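The values are calculated or read from the model by the stated rules, or taken from the named source; none is laboratory data. Every value quoted in this text rests on a predicted model; they were computed, and no experiment measured them. Here the Cβ positions follow ideal geometry from the backbone for every residue, glycine too, while neighbour counts run over all protein chains shown. Ligands, DNA and RNA are stripped out before the accessible areas are found, and what is left, the full protein with its side chains, is counted by its heavy atoms. Shrake-Rupley method; radii C 1.70, N 1.55, O 1.52, S 1.80 Å.
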Amino acid sequence: MPLGYNTVDKKLVINADEAKAVRLIFSRYLELRSLQRLIDDLNAKGVVTKRRTTKVAKYNGGIPFTHGSLANLLKNRTYAGETGHAGKWFPGEHKAIIDLATFNKVQDLLRANSVRRQHRRTKSGALLAGKIFDDKGNAMSPSYTVKNGVRYRFYVSSAVLRGRKSVAGFRHTSTRRGD
């Protein structure tokens with residue numbers, strides 16, 4: 001269920017409070033012109049993902065947005081009142097939260113800001129990937145930087161990569177299990 005909608009009799013119905021958050025996200029992205037700046041802005045305002053009531057408390061949502069979740073929200077044509085099937089989009093039975101002109105402006109900006117990357121299918125050389133964790137139990141992910149043509153490798157807490165610096169711990173150097 002996308003943020004901004006609830007289901008009533010198997011149909012999407014606008015949730016007024018969540019719809020305000022969706023409109024804010026679209027308008028602030030057009031103003032800030034950057035996903036990272038938007039994430040920082042939403043975190044400062046306390047805007048989080050859709051909260052769900054489930055039997056498993058671990059999956060309740062209501063967490064800060066990450067690059068992936070925010071990009072998916074901004075690309076979701078449901079907000080423009082459309083529904084998809086087999087790669088094609090059609091007018092939906094639900095009401096749009098975002099007008100089509102605003103949605104298209106956001107899509108143009110997302111395309112303009114996209115970074116074209118070459119994917120190489122080689123080993124990363126990160127020998128400790130999956131074996132080291134910070135002191136709060138978050139996996140450390142391999143990363144690197146290049147300076148003067150030299151690649152410097154290091155590990156970063158996965159919590160930091162997901163934009164959740166507040167739950168990241170200090171680097172844990174032991175590779176023993178249970179530490």
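Descriptive notes on the structure:
- Förster-model FRET efficiency, 45 Å R0, Tyr144 and Asp9, C-beta, rounded to 0.05: 0.30
- Each residue was assigned an accessible area with a 1.4 Å probe, and for Asp17 the value is about 110 Å².
- Cβ-defined net charge surrounding Ser27, 13 Å radius [Lys, Arg +1; Asp, Glu -1]: +3
- Compared with the dominant principal axis of the Cα atoms in the chain, helix 100-113 is inclined by about 20°.
- With every protein chain in place and a 1.4 angstrom probe, the accessible-area ranking of Lys75, Lys50, largest first, reads Lys75, Lys50.
- Shape category assigned to the chain from the gyration tensor of Cα positions, a/c cut at 1.5: prolate
- Counting Lys and Arg as +1 and Asp and Glu as -1 over every other residue whose Cβ lies under 12 Å from the Cβ of Val106, the net charge comes to +4.
- Note on Ile132: accessible area is roughly 10 Å² with a 1.4 Å probe, heavy atoms of protein only.
- Here the range 1-54 and the range 71-119 have alpha carbon centers that stand 14 Å from each other.
- Dipole axis of the range 1-115 (+1 Lys, Arg; -1 Asp, Glu on Cβ), positive-most option in Ala44, Phe65, Leu30: Phe65
- Spatially proximal aspartates and glutamates relative to Lys11 (Cα-Cα < 20 Å; intrachain offsets below 8 disregarded): Glu82, Glu93, Asp99
- Cα-based helix-to-principal-axis angle, 16-32 vs the chain, degrees rounded to 10: 60
- Averaged over its residues, the chain has an accessible area of 72 Å² per residue, based on protein heavy atoms and a 1.4 Å probe.
- What the Cβ-Cβ distance of Glu93 and Met1 gives, at R0 = 22 Å and to the nearest 0.05, is a FRET efficiency of 0.90.
- Partner aspartates and glutamates for Lys136 [C-alpha distance under 19 Å; skip if fewer than 8 residues away on the same chain]: Asp179
- The residues packed around Ser69, meaning those with a beta-carbon under 13 Å from its beta-carbon, carry a net charge of +4 if Lys and Arg are +1 and Asp and Glu are -1.
- Per residue, the chain reaches -9500 deg cm²/dmol at 222 nm when only DSSP H runs of four or more residues are counted, each adding -39500 (n - 2.57).
- Amide hydrogen neighbours beyond the local backbone of Ser141, cut-off 5 Å, H modeled: Val156, Ser157, Ser158
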